Amino acid sequence: MHVLEVEGLKTYFYTLRGIVKAVDGVSFSLKRGETMGLAGESGCGKSTVAWSLLGLVPPPGRIVEGSIRIDGMDITRMTEAEIRAKVRWKKISMVFQGAMNALSPVHRVGDQITEPLIIHKGMSKDEAWSKAEKLLKQVGLSPDILNRYPHELSGGQKQRVVIAMALIMEPDVIIADEPTTALDVIVQGQILNLLKEINWEHGVSIIFISHDLSVIAEVSDKVAIMYAGKIVEIGPSEAIFKDPQHPYTQALIKAIPKLRGPKEKLAYIPGQPPDLRTPPKGCRFAPRCPFAWEKCHEEEPPEVEIGSGHYSKCWLNLEEYKVRRLLAAPG
C-alpha cells in the first residue's frame with residue numbers, strides 16, 4: 001500500500017529575473033515502512049520537493065501543477081488551514097537540515113516538543129510532558145534535556161531532539177533533509193542507526209535527502225536520483241548501485257571512493273548544472289554527458305523501465321539506441 005503518491009509535481013519560483021523551475025515534473029510513490037533516498041547535486045531541487053510535500057514552499061515559490069496524495073488526501077487541493085489541521089506533522093513531518101535553526105533559542109526543549117500535543121491533541125501539559133520523556137528515551141536522550149535550552153546541547157543532541165519533534169505526532173512519513181551534514185562521523189553514524197531503528201520499530205516511511213550517495217546506500221530501500229529539477233533514475237537501492245543506467249547516476253557513483261577492490265581514479269562531472277530559469281532543450285544533462293548525441297539535445301527522453309521498479313530517463317536505455325552507448329563508452 002502506498003502511503004505517499006506524487007504525480008507530475010511542478011514547483012516554480014517566480015522571481016524578478018525569471019521563473020525558476022526548481023521541481024519540474026517529479027513523480028514517485030512510497031510504500032508504508034519504506035525508505036527512499038533522494039540524491040543529487042546541490043541545487044537540483046531535493047529540498048524543494050521536501051517543502052512541497054509539507055505544503056511549505058517559501059515565497060515566491062508555489063506548486064503550479066501535479067498532485068501529492070498522502071493517505072489518499074491531495075494536499076495540492078487543500079487550504080493552508082486544512083493542511084495544518086489534517087496533514088502537516090500528523091501525516092508527514094520533517095527533520096530539518098539545520099537543527100539549531102529549527103529550534104527556538106528562547107524556549108526550553110520540552111516546551112517545543114510538547115506544544116503540538118497540547119494544541120492539536122488537547123493533552124494536558126503533564127500528559128504531553130510524560131509522552132515527550134518516553135520519546136526522548138527512544139531517541140537516546142535523557143529526559144532531563146526537556147528542561148534545557150537548545151544552546152546547552154551538542155550538535156548530535158539537537159539533531160535527536162529535532163527527530164523527536166518529527167515523531168511526536170506519530171506521522172506516517174518523515175522527511176530527513178540532510179540530517180547528518182553538520183555532524184562528525186561518529187555522531188553521523190549514530191543518527192543513521194537511529195533513523196533505521198525508527199523505521200523498523202515504528203513502521204514509519206522515510207524520505208532521506210542527501211548529496212552523499214554512500215549515506216543514501218546505508219539507509220535506503222530505493223533511490224531516486226535528481227538532476228536539474230527532474231528525477232532521472234529511480235529504482236531499488238541494489239539495482240541503482242550495482243547497475244546504474246543513467247549516465248548521471250553512473251558518474252555520481254564513480255565519484256565515490258571505494259574501500260575495497262582495485263584502486264581506481266575518482267571520476268568527476270565536468271561543467272555545472274544548468275540555470276533552471278532557462279533549462280536546455282532536450283535532456284538537461286546532455287551538455288555534461290559523455291554519451292550525448294543530437295537527439296539528446298533536441299528531445300526530452302522518455303522514462304524507460306529497466307527492470308522491476310527500476311526506471312531511467314535516457315535515450316540510450318531504449319533498445320534501438322543501446323549500440324550508441326557501447327560505441328561511445330571509453331576503451
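The values are calculated or read from the model by the stated rules, or taken from the named source; none is laboratory data. Given the structure is predicted, the values throughout are model-derived calculations rather than measurements. Methodologically, a virtual Cβ is constructed for each residue, glycine included, from the backbone with ideal geometry; neighbour enumeration extends over all protein chains shown.
Annotation: of all residues in region 87-110 being touching a helix residue (DSSP H, G or I) at 6+ places or on another chain (Cβ under 7 Å) and small (G, A, S), the one that is farthest from D74 (Cα to Cα) is G110.
What are the pairs with Cβ atoms under 8 angstrom where one residue, in region 290-304, is closer than 13 Å to L318 by Cβ and modelled with pLDDT of 90 or more and the other, located anywhere, is among the aromatic types (F, W, Y) and not in a helix (DSSP H, G or I)? Sequence gap at least six, or different chains. Note: pairs meeting the criteria are E303/Y311; V304/Y311.
Counting only strands (runs of 3 or more DSSP E) that fall entirely inside region 18-77 and contain at least 3 residues that are surrounded by 22 or more Cβ atoms within 10 Å (Cβ to Cβ) and either in contact with a strand residue (DSSP E or B) (Cβ under 6 Å, 6 or more places away or on another chain) or touching a residue at least 24 places away in the same chain (Cβ under 8 Å) (or both), the qualifying elements are 18-31, 35-39. Quick test of your reading of the structure: I231 fulfils all but one of (1) crowded, with 19+ Cβ neighbours inside 10 Å; (2) farther than 17 Å from E303 by Cβ. Name the failing condition by number. With respect to (1) crowded, with 19+ Cβ neighbours inside 10 Å; (2) farther than 17 Å from E303 by Cβ, I231 is out only on (2).
Of all residues in region 23-40, those satisfying the criterion of being over 15 Å from V3 (Cα atoms) and either small (G, A, S) or over 12 Å from the mean Cα position of the chain (by Cα) (or both) are V23, D24, G25, V26, G37, A39, G40. When the test is whether a residue is in contact with a helix residue (DSSP H, G or I) (Cβ under 6 Å, 6 or more places away or on another chain), crowded, with 20+ Cβ neighbours inside 10 Å, part of a helix (DSSP H, G or I) and aliphatic (A, V, I, L, M), I113 passes it. For region 116-142, filtered to residues that are touching a Lys or Arg at 6+ places or on another chain (Cβ under 9 Å) and within 17 Å of L194 (Cβ to Cβ), the residue that is surrounded by the fewest Cβ atoms within 10 Å (Cβ to Cβ) is G140.
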